[in-house]
Amino acid sequence: MTNTVKEELKRSTGLCLKALGIKPGDAVYLHSDAIVVGQFPGQGNSGGINAFLDGIEEYLGEEGTLIVPTFTYSFTKDEIYDVLRTPSTVGLITEVFRNRPGVSRSPEPIFSVAACGRDKELYAGCDPHECMGHGSTFEMLHRNSSWIVGMGCPFNRATFVHYVEKTLGVSYRYEKVFKGRRILVDGTMQDWQISYYVRDLFRRSDIELKRLQAVMTDDGTFRKNPLKRVMTWAARCTDIYDTARTLILQKENSLIEEGN
């Protein structure tokens, strides 16, 4: 990648975050797809992805924090989760990010995250016994009114919504305990168990957030902006939580296919 294209990618990424309302010093939880990088000539590779991530980190600055999902679902597949070595299953950008210098990864064996920046340990240090419950990264995102940003992927990727469902105890999900072994950063092998708020497969319980997106768009809390040809979006966790909670209390299945 030429320096000119690299700088254009970094600059465009920073300008996009600014247009979405993100400010330097903010904490951002990023859902992404490599298509956003592939728009730039010859950039469907790790070099382009690193330039993209550089653009985000440089815009957020030293006081900012970037959090990226590196989900593995290891315990649901009867696999050992190795914090340092188990690859992310949610996209090339997430896998490149977790291997960057200065990035920490959480020991959570189903919904792990990787993070860099000032408050990285606040998020990567989360080690709950409930994926979506107390002590989880999702609770920390809510508590700190962090941003959720999507670049090249739909709002339906917003896993944070399952945390809202968990706090309200919706009838179309239930707790299921998974046990397994994990290898921590220091090489220690540890037996562990964690509960996952899984969906009821006998109902049309796949996530469907078009109603949530419409309401948040109308009240100005859901923002969209194109990064070249790819649409991006952003919303604060507190706004997602408050609006999703209201919708669920009005009609419990508002956020799943069954209710849409």
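Please work out which residue is farthest from Val90 (Cα to Cα), limiting yourself to the range 159-174 and to residues that are among the polar types (S, T, N, Q) and surrounded by 15 or more Cβ atoms within 10 Å (Cβ to Cβ). This residue is Thr167. Tell me yes or no: at least one residue of the range 6-13 is among the β-branched types (Val, Ile, Thr) and touching a strand residue (DSSP E or B) at 6+ places or on another chain (Cβ under 8 Å). Yes, that holds for at least one residue.
Listed here are the residues, each with its yes/no results for (1) in a helix (DSSP H, G or I); (2) touching a His at 6+ places or on another chain (Cβ under 8 Å); (3) without any contact (Cβ under 8 Å) to a residue 40 or more places away in the chain.
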| site | (1), (2), (3) |
| --- | --- |
| Glu121 | yes, no, yes |
| Met140 | yes, no, yes |
| Lys166 | yes, no, yes |
| Trp192 | no, no, no |
| Arg204 | no, no, no |
| Leu212 | yes, no, no |
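Under the condition of being of a type in the set (Val, Ile, Thr) and over 19 Å from Lys77 (Cβ atoms), which residue from the range 175-195 is surrounded by the most Cβ atoms within 10 Å (Cβ to Cβ)? Taking the candidates together, the pick is Val185. Checking each residue in the range 1-28 for being hydrophobic (A, V, I, L, M, F, W, C) and either surrounded by 17 or more Cβ atoms within 10 Å (Cβ to Cβ) or in contact (Cβ under 8 Å) with a residue 12 or more places away in the chain (or both) picks out Met1, Val5, Leu9, Cys16, Leu17, Ala19, Leu20, Ile22, Ala27, Val28.
Could you count how many residues in the range 125-137 are in contact (Cβ under 8 Å) with a residue 40 or more places away in the chain and either under 13 Å from Leu66 (Cβ atoms) or not charged (D, E, K, R) (or both)?
Within the range 125-137, residues that are in contact (Cβ under 8 Å) with a residue 40 or more places away in the chain and either under 13 Å from Leu66 (Cβ atoms) or not charged (D, E, K, R) (or both) number 6.
Taking residues in the range 171-182 that are outside any strand (DSSP E or B), and partners anywhere that are among the acidic types (Asp, Glu), the pairs with Cβ atoms closer than 6 Å and at least 6 places apart or on different chains are Tyr172/Asp200. Do you know which of the residues in the range 46-71 that are in a loop (DSSP other than H, G, I, E, B), surrounded by fewer than 22 Cβ atoms within 10 Å (Cβ to Cβ) and touching a residue at least 40 places away in the same chain (Cβ under 8 Å) is nearest to the chain's Cα centre (by Cα)? Step by step, filter the range 46-71, then rank; the result is Phe71. For Val113, the requirement of being among the hydrophobic types (A, V, I, L, M, F, W, C), within 22 Å of Asp239 (Cβ to Cβ) and within 13 Å of the chain's Cα centre (by Cα) is met. Go through the residues of the range 29-45 one by one and say whether even a single one is of a type in the set (S, T, N, Q), surrounded by fewer than 16 Cβ atoms within 10 Å (Cβ to Cβ) and modelled with pLDDT under 95. The answer is yes; a qualifying residue exists. You will find that of Thr65, Thr89, Thr13, the residue that is more than 23 Å from Thr221 (Cα to Cα) and either in contact with a Pro (Cβ under 7 Å, 6 or more places away or on another chain) or β-branched (Val, Ile, Thr) (or both) is Thr89 and no other.
Scanning the range 218-260 for residues that are within 21 Å of the chain's Cα centre (by Cα), farther than 24 Å from Arg199 by Cα and not in a loop (DSSP other than H, G, I, E, B) yields a count of 12. For the range 196-214, a residue qualifies if it is out of contact with any Lys or Arg (no Cβ under 8 Å at 6 or more places or on another chain) and surrounded by 15 or more Cβ atoms within 10 Å (Cβ to Cβ), and the qualifying residues are Arg204, Ile207, Glu208, Leu209, Arg211, Leu212, Gln213.
For the range 1-45, a residue qualifies if it is among the basic types (Lys, Arg), closer than 26 Å to Ser146 by Cβ and in a helix (DSSP H, G or I), and the qualifying residues are Lys10, Arg11, Lys18. Taking the range 83-110 only, how many residues are within 23 Å of Asp26 (Cβ to Cβ), touching a residue at least 60 places away in the same chain (Cβ under 8 Å) and hydrophobic (A, V, I, L, M, F, W, C)? Number of matching residues: 1.
The values are calculated or read from the model by the stated rules, or taken from the named source; none is laboratory data. Not measured: the values here are computed from a predicted model. With ideal geometry, Cβ positions are generated from the backbone for all residues, glycine too; neighbour counts draw on all protein chains shown.
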